[in-house]
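Reading through the structure tokens given below for one structure.
The values are calculated or read from the model by the stated rules, or taken from the named source; none is laboratory data. None of the values given here were measured: they were computed from a predicted structure. Glycine gets a Cβ as well: all are built from the backbone with ideal geometry, and neighbour counts include every protein chain shown.
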Amino acid sequence: MPETGHDHADSIDTPSVLSAAHFGALLQAIRNEGYTLVGPTVRDGAIIYDEIESTQDLPIGWTDEQEAGHYRLKRRDDFAYFGYVVGPQSWKKFLLPARRRLWSSVRREDGGFTIEPEPLPERRLAFIGVRACELAAIRTQDRVLMEGSFQDPYYRAARQGAFVVAVNCVSAAPTCFCASMNTGPKVSGGDLALTEVVSPERHYFLVSPQTARGQAVLQRVEHRAASDEEQDEALTHEARAVSQMRRKLDTEGLPELIAAAQGSAHWQRVAERCLACTNCTMVCPTCFCSTVEDTVDLSGQRAERHRKLDSCFNREFTYLHTGSVRESGAARYRQWLTHKLSTWHAQFDSSGCVGCGRCITWCPVGIDITEEAAALREAVDQS
Amino acid sequence: MSSRTIEVNYLARVEGEGALHLRIHGDQVEEARLKIFEPPRFFEALLRGRDFREAPDITQRICGICPVAYLMSACHALEGICGVQVDGPLRELRRLLYCGEWIQSHALHVFMLHAPDFLGYQDAVQMAKDHPELVENALRLKKLGNAIMTALGGREIHPINVKVGGFYKTPRRSALLALLDELRWALDAAPTMAQQLSAFEFPEFAQDYEFASLRHDDEYPFNEGRLVSNRGLDVPVSEYDQVFVQHQVEHSTALHTRVAGRGLVHLGPLARYALNYAKLHPQARDVAQRAGLGEVCRNPFQSIVVRFVEIVYALAEAVRVIEAYREPDAPALVVEPRAGTGYGATEAPRGICYQRYTIDDDGSISASKIVAPTSVNQAVIERDLFAFASERTQLSDEALQWQCEQAIRNYDPCISCACHFLRLTVERT
Amino acid sequence: MAVEGFVPQDGSDPMVPEPYRIVERRRETSHTVTLALSSAGEVPTRAFQPGQFSMLYAFGLGEVPISISGSTARRDRLEYTIRGVGAVSKALCETPVGAMLGVRGPFGTAWPVAGPENRDLLIVAGGIGLAPLRSVIYQVLERRSHFGNAFVLIGARTEADLLFRDEYPRWRAAGLDTRVTLDAASGSWKGSVGVVTSLFPNVEVRPNRTVAMLCGPEVMMRFAAQALRDKGLSPHDIYVSMERNMKCAVGFCGRCQYGADFICRDGPVLPFGRLEDRLVLQEV
Amino acid sequence: MRKKTLAVFKFASCDGCQLSLLDCEDELLALAGAIEIAHFPEASRAVMDGPYDLTLVEGSITTAHDAERIKHVRAQSRTLVTIGACATAGGIQALRNFADTAEYLSVVYARPDYIETLASSTSIASHVTVDFELRGCPIDKRQLLEVITSFLHGKRPSITDESLCADCKRADVVCVMVSKGMPCLGPATHTGCGVLCPRHDRACYGCFGPVTAANTGALAERLFQLGMRKDGVKRVFRSFNAGAPAFADESRKHE
Amino acid sequence: MPSTLQPALAEHPFLRGMTPEALALLTGCAKNHRFAAGEYLATHGTQADRCFLIRKGRVALYAASAAKSVIVNTAGPGELVGWSWIITPYRYRFDARATEDTLAFDLDGACLRQKCDDNPALGYEFLKRVSIELGRRLDDVQLRLLDVYGEPDGG
């Protein structure tokens, strides 16, 4: 999948080394290109993505402790900039906002009405610190919102305008399973790909430009070619992420397996624990489902349409005039997992899951998609 | 002897529902009763067995108009038991929250509920047709009060951000600074608004009340102070039960109160004003003077002006608190339960809101007592009505009814708190 | 079979309706109205294929998917037969001639009307399901000689719920064997009573040359498709038109997902063979 | 066209929900222009007789008199919308449903014989047909405006029946349950408040009542895991929407 | 006369595929019957002594009350009307009435029962065919119970 609208760098040379001290300069160089920086920052006990000004806004020295249904911000014993894994938010916050006005309408005197589409985003964003799984998620959403017959113009504009600084994971959370989904932990794509190396002796970034514009930005910042030793050290760091990865989702024949498990009693067992609270879908970087709300003012003269993210866990999601199609919690969980791991393949030629583990961490009762998929596999194997 | 019967089923423009019963024989008023039929909600009973930390959330549900009074009195009573004293910026934020409540509650009453009586309108919406600026300013003022409530409490009714020991989350300084422009507008607009109010025609009806309120050494009272009156009362809040005696009357679901060994007691703006005039900010005193108020006002019909003076005080106090505000390190003090009994009294817009709690070692509430200011004022309202109607028995039923309603509204009675349901019956025999 | 509906070529937002004006309004039954709409904007009235639907927007109230029920030959108008069941559809039913509505679409797949010559047609409609099939009937009427046997089997709740009833004689006269059955009838009804499948025993189905098009409540289509399979029809020659909750109509909102299909985009017209496995499951 | 009429009636409650109407400072005058306020004692002396096109009912039924009065109100109302937790679930006063009311009376009143009250506090819908229930203790004024506006224009109100979590995520509020271990009712609670508590570093206490088909059992299990004790779990389901069946039933499991 | 009916009986869809022996047995119980539109074939509650195989026309089954009669089902050419003769207590469950001029085979119930009792193979075969009809009617009733076209105000 090519990065939208920008060619790959002519040659991917030896990676460069950017000292941590110059990271701020890199951010500034990106800003100088007219981008607004958005990246990780600490707020309300988590690392979230928001507008950042400088290195100081990064979660320096923070990391995240994650388990099913559990997340805590923890101090690291160093000053890593990207020493965490992933937080509750993903970049869809910027590409597919949770709530957006689509258009507004005013009644005309002749009884008709005019419809004014909402302007497209003018800001171009630079995403700082995109993980491999997140890059994969963005590409997954591209296929839904940008590469079918219809295109979401807002998504397209935000996406094509974005500059992506990808960062390799050098550690994995216990909830991560990107390796088994083939989406990480090593990034491929973005405009710049970074590996952060922090050790008691040094703190630097190994930088590989992925596109011409990434290359161009790097040229404006002080950097030098990486030594073999530096490259090795980065590789060691990257390998750590792989070796730490504890969870796994066995994708072998999974779409067919889930299809075969549609009648399984297991769905009901999950439903007994599932709160149908929508958290897994809301934190999922690929979930795109939405609803449309039409509003009108008191006078009846002005109307608007909004789109807001929705979830297949809501009963009203499938409401027809005869009632909800998926009334039971079991049916709603089945829909979600089936779409993610099975029917997504038929629709978009990939899994709908990138293995980021957010749905596991942010499920209030810690339901684990990898465990449930394994349980279904077992149920099907036994039947 | 002529005999007449006037009946009003619901007294309008008060919070909650109640009725007035007036029996007139010839030109003699025989009985004046403010009936409170509001169904009882048993807060004192349902608090038993609850954790003390739940009390502020529960007690504020007594009243949607003055929730801050209830949750604040609860917090103070419970902090007293646990030996916690909230000070510094957190205490200041509590004052600011109270400013918000006074502004919104007083603005609601002064302009939306009471002013239409003086100008001869059924309601503020009708009044807005002839006095648009008055109503628009009133709404703006009320919105400002609500904005303060929202900034601190999360929402204007039943705030969620207050707890025993402080707040769940303290506001950013920037969020409070954002309120300053509107506060300054309100202070600028206040003299003109006061002028409009003081130009109303007030019936001659000065009464000799025993005024009671809190009094604090340094400030116009919100959260803390001693119980004082113009007849020499001066005790700590913990002695409330000794000096104010409650008894139940047949026609009311609210309990009546008297000063021990004496008569009735009048709570609220007139009392606070009379007992704390010197503590008002200069802007508020200035407005009071321009409006022709002395340092004591005994005519309850002029309470509308006094209430506005208190709005001005709250506006000025809010500016003071906000300008001085620095974000505290922690949003609340740690409060560990310990067995004991505690007392809290704060100044609701309508007067002293008193609460007493007894909790166990594990923080479970074993007993509580809650006294709403309107229930204390209820007997005073009845006495006012008796006196007021006695001088006006010559009025037509309709005129008498409206004026009696107005006399009740002088107290901004919050019958939801006291209990509720107001119905006016005038029986003339 | 898959046809593309309206796709904005200029990259504009497919969520933005185009202005249309009501040029004709006809009451069909007590709860059903047919509206004819013509473009009131710069773009001419859009073309469609039988089976497609549009999103109709009533100012301020919202939007609902409605099948197109008119003739493809009329390029100046789009007809919609609407049953007032919710706030928006009720409002649409009550909108007068001359008023403006917002229209998005046409969207979705079409009935397989085009195809080999001399095929037999079996059109099975239940309730409001006759609406999207009327566009097929109109095309068949225009080219009657291109088809073999043609049956229109109509099921309705009561006599008063029959749609387009005054057109049946014309359909019959043109060689469409049009039959009707009711769920409930008073003693004066002379026709058939029973669900639409009860008409099947007397319909001669020639399995290898028949294409069936079914539209109605899902359970009706499931029973009817099953009965047609029993009569030897291949599940790939049986087409159904599915209904699901729709908000976007362009595959963005995910609400109408049914198995691996978005009904708005991959449907609403789908071969029964593709859905067979899902139709037996509950709450898909 | 005749303006539609609005009436507001109050039963056992704190007045906060009807105050929400007056708290629509920016819209109040426009509202009064769009709809005839025919019966709203808290705001106006002028009272028109019914029938009313839209009636808002605040408060719960706690007396025999009110149980009759609500029937009369229903008969006078073309559309009846209940506003707030008291009207939709019995309110905080529904705690009496779990206790001995006579004993409650004796705690508060020296002469309980003066007081007439029922042993239970019940929702309006358990007495008469209700056309729409607006949740919250108190209701959210934006939602109230949406209900009134929708009524005026024949629209279905855009008020979704989903958990608080959905709105927390949309608002970028970090989950207090997962990130801080706070025992939160959000996953089982109807959204609509504007995710106030989690925004203020506080766990949701359920003032909007249960979302339809709330899995309260699984949530209770989690609350235990987060360190809540039996009594705490009982109490958290037994507050301002204690009378809502989902919460009432769950609370009974922890008695 | 019966022997002349046998070829026509053999053509009737309900009996199609039956052995000549079985048909010969049935033919002994059968006769042709014409009903004018409006004429009753059977009356609710009366002794179910006949069944009908419709050849032409249409028959409606009515559930009647004093106030109104409702058609619960109709049967056309090729279909069977009446199975009460084979199920105790052999009483008609509905009114059956021709809605148009109808031609049917009229089979004597008592005669059929006797033949079926005497010849279990015939009886089993006949019962299977009646059961298919019963199953179809049950499907029909079940579907209509769902009221699949929905209340227009139901939304």
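Pull up region A:284-311, narrow it to residues that are assigned to a loop (DSSP other than H, G, I, E, B), hydrophobic (A, V, I, L, M, F, W, C) and within 7 Å of another protein chain (Cβ to nearest Cβ), then point me to the one that is nearest to D:Gly33 (Cα to Cα).
Result: A:Leu298.
Counting only residues that are part of a helix (DSSP H, G or I), more than 20 Å from A:Arg139 (Cβ to Cβ) and of a type outside the set (A, V, I, L, M, F, W, C), how many does region A:333-381 have?
So the count comes out to 11.
Among the residues of region C:227-284, what is the count of those that are among the aliphatic types (A, V, I, L, M) and away from chain A (no Cβ under 14 Å)?
Count: 6.
Picking from C:Ala185, C:Ala174, which residue would you name as being surrounded by fewer than 16 Cβ atoms within 10 Å (Cβ to Cβ) and either in contact (Cβ under 8 Å) with a residue 12 or more places away in the chain or among the basic types (Lys, Arg) (or both)?
Result: C:Ala174 is the single residue among C:Ala185, C:Ala174 that is surrounded by fewer than 16 Cβ atoms within 10 Å (Cβ to Cβ) and either in contact (Cβ under 8 Å) with a residue 12 or more places away in the chain or among the basic types (Lys, Arg) (or both).
Could we say that B:Glu44 is more than 26 Å from the chain's Cα centre (by Cα) and more than 17 Å from D:Gly243 (Cβ to Cβ) here?
It is false that B:Glu44 is more than 26 Å from the chain's Cα centre (by Cα) and more than 17 Å from D:Gly243 (Cβ to Cβ).
Looking at region B:160-183, can you tell me whether even one residue there is under 23 Å from B:Ala138 (Cβ atoms), surrounded by 18 or more Cβ atoms within 10 Å (Cβ to Cβ), more than 13 Å from chain D (Cβ to nearest Cβ) and within 22 Å of the chain's Cα centre (by Cα)?
Yes, the conditions are met somewhere in region B:160-183.
Residue-wise test of (1) surrounded by fewer than 24 Cβ atoms within 10 Å (Cβ to Cβ); (2) away from chain E (no Cβ under 14 Å).
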{"position": "A:Phe313", "(1), (2)": "no, yes"}
{"position": "A:Gly323", "(1), (2)": "yes, no"}
{"position": "A:Glu327", "(1), (2)": "yes, yes"}
{"position": "A:Arg332", "(1), (2)": "no, yes"}
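Could you check, for region B:327-345, whether at least one of its residues is buried (at least 24 other Cβ atoms within 10 Å of the Cβ) and in contact with a strand residue (DSSP E or B) (Cβ under 8 Å, 6 or more places away or on another chain)?
yes
Among B:Ala278, B:Ala260, which is the only one that is out of contact with any helix residue (DSSP H, G or I) (no Cβ under 8 Å at 6 or more places or on another chain) and of a type in the set (Gly, Ala, Ser)?
Answer to the check: B:Ala278.
Taking region A:148-172, which residues are facing chain C (nearest Cβ under 8 Å) and either outside any loop (DSSP other than H, G, I, E, B) or crowded, with 22+ Cβ neighbours inside 10 Å (or both)?
Residues satisfying the conditions are A:Phe150, A:Asp152, A:Pro153, A:Tyr154, A:Arg156.
Can you tell me which residues in region C:261-272 are outside any helix (DSSP H, G or I) and modelled with pLDDT of 95 or more?
C:Asp261, C:Phe262, C:Pro268, C:Val269, C:Leu270, C:Pro271
Pairs needed: first member in region E:119-130, of a type outside the set (D, E, K, R); second member anywhere, in a helix (DSSP H, G or I); C-beta distance under 6 Å; at least 6 residues apart or different chains.
E:Leu122/E:Ala22; E:Leu122/E:Leu25; E:Leu122/E:Cys116; E:Gly123/E:Cys116; E:Phe126/E:Cys116
Which ones in region B:362-418 are in a helix (DSSP H, G or I), among the hydroxyl-bearing types (Ser, Thr, Tyr) and touching a Lys or Arg at 6+ places or on another chain (Cβ under 9 Å)?
B:Thr374, B:Ser416
For the subset of region C:199-245 comprising residues that are among the polar types (S, T, N, Q) and part of a loop (DSSP other than H, G, I, E, B), which member is nearest to C:Ala260 (Cα to Cα)?
Across region C:199-245, the extreme among qualifying residues is C:Asn245.
As an exercise: evaluate B:Met112 against (1) within 20 Å of B:Ala318 (Cα to Cα); (2) part of a helix (DSSP H, G or I) and give the number of the one condition it does not meet.
B:Met112 satisfies every listed condition except (1).
So in region D:118-132, with the set limited to residues that are within 18 Å of D:Ala248 (Cα to Cα) and surrounded by fewer than 18 Cβ atoms within 10 Å (Cβ to Cβ), which one is modelled with the lowest pLDDT?
Result: D:Ala119.
Of everything in region D:216-238, what is in a loop (DSSP other than H, G, I, E, B) and crowded, with 24+ Cβ neighbours inside 10 Å? Give them in sequence order.
Passing the criteria: only D:Arg238.
Which fully enclosed helices (runs of 4 or more DSSP H) of region D:37-146 have 2 or more residues being of a type in the set (Lys, Arg) and more than 9 Å from chain B (Cβ to nearest Cβ)?
Helices (runs of 4 or more DSSP H) meeting the threshold: D:64-75.
Among residues belonging to region A:239-253 that are part of a helix (DSSP H, G or I) and surrounded by fewer than 19 Cβ atoms within 10 Å (Cβ to Cβ), point out the one that is farthest from the other protein chains (Cβ to nearest Cβ).
Only one residue tops the list, namely A:Ala239.
This table checks each residue for (1) within 29 Å of B:Arg172 (Cα to Cα); (2) of a type in the set (Gly, Ala, Ser); (3) in contact (Cβ under 8 Å) with a residue 12 or more places away in the chain; (4) touching a strand residue (DSSP E or B) at 6+ places or on another chain (Cβ under 6 Å).
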residue: D:Gly154; (1), (2), (3), (4): no, yes, no, no
residue: D:Gly186; (1), (2), (3), (4): yes, yes, yes, no
residue: D:Leu196; (1), (2), (3), (4): yes, no, no, no
residue: D:Pro210; (1), (2), (3), (4): no, no, yes, no
residue: D:Thr216; (1), (2), (3), (4): no, no, yes, no
residue: D:Phe224; (1), (2), (3), (4): no, no, no, no
residue: D:Gly227; (1), (2), (3), (4): no, yes, yes, no
residue: D:Val233; (1), (2), (3), (4): no, no, yes, no
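Being of a type in the set (Lys, Arg) and assigned to a helix (DSSP H, G or I) is the filter; apply it to region B:283-311 and report the residue that is nearest to the chain's Cα centre (by Cα).
B:Arg307
May I ask you to list the residues in region A:63-79 that are of a type outside the set (Asp, Glu) and either in a helix (DSSP H, G or I) or in contact with a Pro (Cβ under 9 Å, 6 or more places away or on another chain) (or both)?
If the condition is that a residue be of a type outside the set (Asp, Glu) and either in a helix (DSSP H, G or I) or in contact with a Pro (Cβ under 9 Å, 6 or more places away or on another chain) (or both), then A:Gln66, A:Ala68, A:Gly69, A:Tyr71, A:Leu73 are the ones that fit.
Return yes when C:Leu153 is of a type in the set (A, V, I, L, M, F, W, C) and within 11 Å of another protein chain (Cβ to nearest Cβ) and no when it is not.
So C:Leu153 fails the test.
Could you list, in sequence order, the residues of region C:17-45 that are polar (S, T, N, Q), crowded, with 19+ Cβ neighbours inside 10 Å and within 23 Å of A:Arg305 (Cα to Cα)?
none
Does D:Glu162 meet the test of being within 7 Å of chain A (Cβ to nearest Cβ) and free of Cβ contacts under 8 Å to residues at least 60 places away in the same chain?
Yes.
Given the structure, is D:Ser150 buried (at least 19 other Cβ atoms within 10 Å of the Cβ), touching a residue at least 12 places away in the same chain (Cβ under 8 Å) and away from chain B (no Cβ under 11 Å)?
For D:Ser150, the condition - buried (at least 19 other Cβ atoms within 10 Å of the Cβ), touching a residue at least 12 places away in the same chain (Cβ under 8 Å) and away from chain B (no Cβ under 11 Å) - is not met.
Grab the helices (runs of 4 or more DSSP H) fully contained in region D:160-206, keeping just those with 3 or more residues being under 19 Å from A:Glu316 (Cα atoms).
Answer list for region D:160-206: D:164-170.
Looking only at region B:215-224, decide whether some residue is polar (S, T, N, Q), in contact with a helix residue (DSSP H, G or I) (Cβ under 8 Å, 6 or more places away or on another chain), crowded, with 23+ Cβ neighbours inside 10 Å and assigned by TED's automatic domain parsing to the domain that holds B:Arg290.
no
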